[in-house]
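Report on the structure given below.
Any read-out appearing in this document is the output of simple, stated calculations on the displayed coordinates, not a laboratory observation. None of the values given here were measured: they were computed from a predicted structure. A quick note on method: Cβ atoms are made from the backbone with ideal geometry, for glycine too, and the neighbour counts reach across all protein chains shown.
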């Protein structure tokens with residue numbers, strides 16, 4: 001299929017649909033606890049190929065103490081991930097991330113992984 005320009009709406013939609021249809025699965029293994037899961041990728045990987053990362057609980061365990069130190073340095077409470085829906089730290093730059101994290105753990109947010117792709121305040 002020859003695409004003349006991505007400004008052509010139909011060509012752009014066809015290109016995106018083709019990319020979605022070509023998605024493959026890559027195995028991922030948590031470096032800390034060993035839990036395994038799959039993620040979508042456009043790269044073809046072999047059945048024995050995998051990458052490593054941190055699962056969500058291990059990531060939270062690793063990142064929380066770092067954020068707690070930063071919160072204290074900035075004059076806030078070290079409450080990242082502890083406050084539930086009740087937070088009065090209006091100047092805390094981790095507040096939105098904390099709420100999204102807690103929503104994801106409750107199952108009210110579709111993908112916890114979207115947190116990692118957004119710009120982090122670190």
Between residue 105 and residue 43, what's the calculated FRET efficiency when r is the beta-carbon distance and R0 is 22 Å? Round to 0.05.
0.15
What length, rounded to one decimal in nm, is gained on full extension from residue 25 through to residue 52, with 0.36 nm per residue of separation minus their alpha-carbon distance?
8.3 nm
